[in-house]
Amino acid sequence: PRSPEGTDLRRQGNSKTQLGLFTAYTKEPFMAIYNPASRTGVAHYADSALVPGKKVWSWGTDADGWVRKYLSDNDTTYVELQGGVLRTNSDFDFLEPQQIKRFTEYWIPVHGMDGITRATPDAVLNLQRSNQGVLVQIQANREIGPAHVRLTAGVRPLLDEPLNLT
């Protein structure tokens, strides 16, 4: 996302004021936030048809002292990631008597990676291309193996490695 002035808002430090980003009914079942300084993040995964709401909220870097004092442990700003069955915070719903709603969501911690490109309950992927080549990082969320990682550029193989992911 970009601000009306063209500022890249993917980095939390670029948002000086409060920022709420919402999306609903996306094709992607995951969303994530990532902190490059600590190489950590969190990903949320859920069926978009059952859990359509996705939200990222930031107080911004110019947040006043009240926000930092009462909403953080160490006087810093932070980002909130929310997912739910309703599309936005303004939406509301009631369960009818005897009505049941079921859904499954996964909150996945990410550590020691240089970004987040894709996330599933099984693994988190970071895939980046640069002038030096291609960076492929996989964080397995469970033991997966034997596995085979295959990366291609069209039909040309770039990587073809058997491995066990733990």
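The values are calculated or read from the model by the stated rules, or taken from the named source; none is laboratory data. Keep in mind that what you see is a predicted model, and the values were worked out from it rather than measured. When we count neighbours, we look across all protein chains shown, and the Cβ atoms used for this are built from the backbone with ideal geometry, even at glycine. Remember, those area values only see protein heavy atoms, side chains included, never the ligands or the DNA or RNA. Shrake-Rupley method; radii C 1.70, N 1.55, O 1.52, S 1.80 Å.
Observations on the model:
- Some residue of region 69-79 being among the basic types (K, R) and free of Cβ contacts under 8 Å to residues at least 60 places away in the same chain: yes
- Looking across region 44-58, the residues that are open to solvent by less than 50 Å² (accessible area, probe 1.4 Å) and in contact (Cβ under 8 Å) with a residue 40 or more places away in the chain come down to H44, A46, V51, S58.
- Candidates F103, F30: the one that is open to solvent by 60 Å² or more (accessible area, probe 1.4 Å) and aromatic (F, W, Y) is F103.
- If you go through region 69-84 and keep only what is open to solvent by 50 Å² or more (accessible area, probe 1.4 Å) and polar (S, T, N, Q), you end up with N74, T76, Q82.
- Counting only strands (runs of 3 or more DSSP E) that sit completely within region 108-166, those holding 2 or more residues that are within 15 Å of A43 (Cα to Cα) and either of a type in the set (G, A, S) or open to solvent by 60 Å² or more (accessible area, probe 1.4 Å) (or both) correspond to 133-140.
- Scanning region 6-27 for residues that are more than 20 Å from D122 (Cα to Cα), of a type in the set (D, E, K, R) and open to solvent by 60 Å² or more (accessible area, probe 1.4 Å) yields a total of 3.
- Flag for G65 being modelled with pLDDT under 80 and surrounded by fewer than 16 Cβ atoms within 10 Å (Cβ to Cβ): yes
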